[in-house]
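Each value in this text was obtained by applying a stated rule to the coordinates, not by laboratory testing. Quantities reported herein were computed from a predicted structural model and do not represent experimental measurements. Don't worry about glycine lacking a Cβ; one is built from the backbone with ideal geometry, like all the others, and counts go over all protein chains shown.
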């Protein structure tokens, strides 16, 4: 692999850099620290065959344009994309392989499957999602929480997300509440609470270290390295 890391000076970028070693052929970081180019224009075209992005969702247009200019795959690990930014990702997947996931953990991919299966077994249950992250996280709810909601929505098409429930009004049967906690240095905790009148089931995933996400991003890059154009995610790896 000959990778360019976007967000190279960030926590995730550094972890991925450490895993790939001499497979890193370029780095970009908006802060420009450690002599790293701030922009793709400053970096210039390099003989890369993979872009791995852990920068900021607002940079997605530049990331995709650079990947398309090199005609190479891109792994997108950033979260918090707007609807317009997501549309750019979907359009880019018509030209190059794009791996896009709200969470790069294999465990979360398994949790999504379990959540969907459990929701289908308990069609009348109340379901709530709770996520916790460190105080520096800027988006809420987390991309992973939205992944879990969307997985459940596949078997409950009528489901509606209620993010940060507040005010007056009874809970409707269609809604799935999503609550966000921001605490200290929590790497990531995601819980799905499924309650009927007679029993409850809780599914939970704890991220122990961010290295889990870096490993997943590298696995994703190796997975799509020789894939045809299209949109891929962790479910593609589970296959």
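Tabulated results
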quantity: Projected-area mean, segment 10-117, by convex hull of Cα positions, square nanometres; calculated: 7.7
quantity: Beta bridges per DSSP with both ends in segment 1-123, % antiparallel, nearest 5; calculated: 0
quantity: Peptides ranked, highest mean first, by Cβ atoms within 10 Å: ranges 4-12, 40-48; calculated: 4-12, 40-48
quantity: Rounded to 5, the percent of DSSP beta bridges in the chain classed as antiparallel; calculated: 35
quantity: Most fluctuating residue given options 161, 197, 214, as computed from a GNM of the chain linking Cα atoms under 10 Å; calculated: 197
quantity: Neighbour-count order for 227, 173, fewest beta carbons within 10 angstrom listed first; calculated: 173, 227
quantity: Helix-only [θ]222 nm of the chain, DSSP H runs n ≥ 4, -39500 (n - 2.57) each, per residue, nearest 500; calculated: -10000 deg cm²/dmol
quantity: Acute angle (nearest 10 degrees) that the helix 83-92 long axis makes with the longest principal axis of the chain, alpha-carbon atoms; calculated: 50
quantity: Semi-axis lengths, Å, the chain, gyration tensor of Cα atoms, sqrt of 5 times eigenvalues; calculated: 34, 18, 16
quantity: Relative contact order of segment 130-239, defined on C-alpha pairs under 8 angstrom at six or more residues apart (%); calculated: 28
quantity: 0 to 90° range, to nearest 10: angle between helix 106-121 axis and the chain longest Cα axis; calculated: 30
quantity: Beta bridges per DSSP with both ends in segment 106-207, % antiparallel, nearest 5; calculated: 60
quantity: Evaluated over segment 106-207, the Cα radius of gyration and Dmax, each in Å; calculated: 13.2, 39
quantity: Burial ordering of 89, 108, fewest other beta-carbon atoms within 10 Å first; calculated: 89, 108
